[in-house]
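A short write-up of the structure that comes next.
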Amino acid sequence: MGNQKGMDRMGELLPAHIGLIMDGNGRWAKKRGLPRQAGHKAGASTFKRIVRYANRLGIPYMTVYAFSTENWSRPPEEVRGIIALLREFLSDAANYRDENVRTRFIGDLSQFDQDIQSKVRECEEVSAGHTGLTLNIAINYGGRMELMKAARELAAEAAAGKITPEEIDEELFARHLYTQGQPDVDLVIRPSGEERLSNFLLWQAAYAEFVSMEVLWPDFDEKCLDRAIEEFRNRNRRFGGV
Ligand code: IPE
Ligand code: IPE
Ligand code: MG
């Protein structure tokens, strides 16, 4: 802490917005002969640890992929287990009260039980004034669904005569995304060796550097985040130029 936002202790540039696909829990458990839920549980502690570290580093924004719109297709027992972990996280107010992290949730929350929805609101309210890392936790999130939602809202505004179709530009469109007001994602990290986005932040990560790492999410530690940031710094970002 005490770092200038956007810079690390050495005054080196930090990514403004990191996207983190927390993948590999199932394989981690399988390797140990444990049920998949044990992997999700271990992944949940890793999540808390990495959030704390990202906040200390002075990362301004981080979005973590915790549950996708496609993950409902897993066996009901696994879905229930993941939701139980979400509930556990939300029930322990210390998770969002103590650190200076501003916690938000993105995704279609209407699919979750009322108690989860109200805990989510509480968590967002309690941490709204925090000035450290802004953390977006993506649950029942899908990039296509988010884009469709934005398109629908804009179409409704146009149909109501509030805007003309010509007024829709990138800036206005982005204001209809869950991440409105936040910088574009400039680094996407995916542990577990996979090299795909799996419907994560399709708009926001248009020009992100993608770093795939072999480590499985429950084993991801502070050094892994350091390495991904280092890799990001060494990339030559061109944005379509030369
Ligand atoms: C990520 O780990 C957690 C969620 C998708 C909720 P996985 O459960 O996808 O783990 P693998 O990919 O099967 O190893
Ligand atoms: C992406 O991981 C979703 C989350 C990490 C929450 P998946 O494991 O669901 O993605 P696929 O199925 O390998 O593409
Ligand atoms: Mg997976």
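Please list, ordered by chain and number, the residues whose modelled amide H lies under 5 Å from the amide H of residue 63; skip anything fewer than 5 residues away on the same chain.
18, 19, 20, 136
In a GNM of the chain with a 10 Å cut-off on Cα contacts, which of 111, 182, 204 has the highest mean-square fluctuation?
Of 111, 182, 204, the Gaussian network model singles out 111 as fluctuating most.
Could you tell me how far the Cα centroid of the stretch 117-177 sits from the Cα centroid of the stretch 32-62, in Å?
The stretch 32-62 and the stretch 117-177 have Cα centres separated by 25 Å.
Which helices of the chain meet both criteria: a Cα extent of 15 Å or more along the helical axis and a mean Kyte-Doolittle score no lower than 1.6, with helices taken as whole DSSP H segments?
none
Sort 151-162, 88-99 for me by packing, meaning the mean count of neighbouring Cβ atoms within 10 Å per residue, highest on top.
88-99, 151-162
Treat the count of other C-beta atoms within 10 Å as a stand-in for reagent exposure and order 64, 188, 126 from fewest to most.
With the fewest neighbours first, 64, 188, 126 line up as 126, 64, 188.
Take every Cα pair under 8 Å in the chain that's 6+ residues apart, average their separations, divide by the length, and report that relative contact order as a whole percent.
Relative contact order, the chain: 26 percent.
Between residue 113 and residue 27, 0.36 nm times their residue separation minus their Cα-Cα distance comes to what?
So the chain would gain 28.1 nm between residue 113 and residue 27.
Please pull out the direction-averaged projected area of the chain, using the convex hull of its alpha-carbon atoms, in nm² to one decimal place.
14.8 nm²
Could you tell me which of 154, 61, 191 has its Cα farthest along the dipole of the chain towards the positive end, charges placed at Cβ (Lys, Arg +1; Asp, Glu -1), taken about the Cα centre?
Farthest towards the positive end: 191.
How much mean residue ellipticity at 222 nm does the chain get from its helices, if each DSSP H run of length 4 or more adds -39500 (n - 2.57) and you divide by all residues, to the nearest 500 deg cm²/dmol?
Result for the chain: -12500 deg cm²/dmol, rounded to the nearest 500.
Springs between alpha-carbon atoms under 10 Å, Gaussian network over the chain: tell me which of 19, 181, 43 tops the mean-square fluctuations.
181
Too long at a 26 Å Cα-Cα cut-off: which of 41/223; 30/119; 48/119; 149/223; 30/223?
In this structure, 30/119; 149/223 exceed 26 Å between Cα atoms.
From the square roots a ≥ b ≥ c of the eigenvalues of the alpha-carbon gyration tensor of the stretch 21-153, which class results: rounded (a/c under 1.5), prolate (a/b over b/c), or oblate?
It comes out oblate by the Cα gyration axes.
In nm, what is the difference between 0.36 nm times the number of residues separating residue 48 and residue 172 and their Cα-Cα distance?
Computed gain between residue 48 and residue 172 is 41.3 nm.
Can you tell me how much longer the chain between residue 163 and residue 203 gets when fully stretched, taken as 0.36 nm per residue apart minus their C-alpha distance, in nm with one decimal?
Additional length available on full extension: 12.2 nm.
Please find, in a Gaussian network model of the chain (springs between Cα atoms separated by less than 10 Å), the residue of 17, 176, 40 whose mean-square fluctuation is greatest.
Per the Cα network of the chain with a 10 Å cutoff, 176 tops the list.
Every number here is computed from the coordinates shown, using simple stated rules; none is lab data. Everything quoted here is computed from the prediction, not taken from an experiment. With ideal geometry, Cβ positions are generated from the backbone for all residues, glycine too; neighbour counts draw on all protein chains shown.
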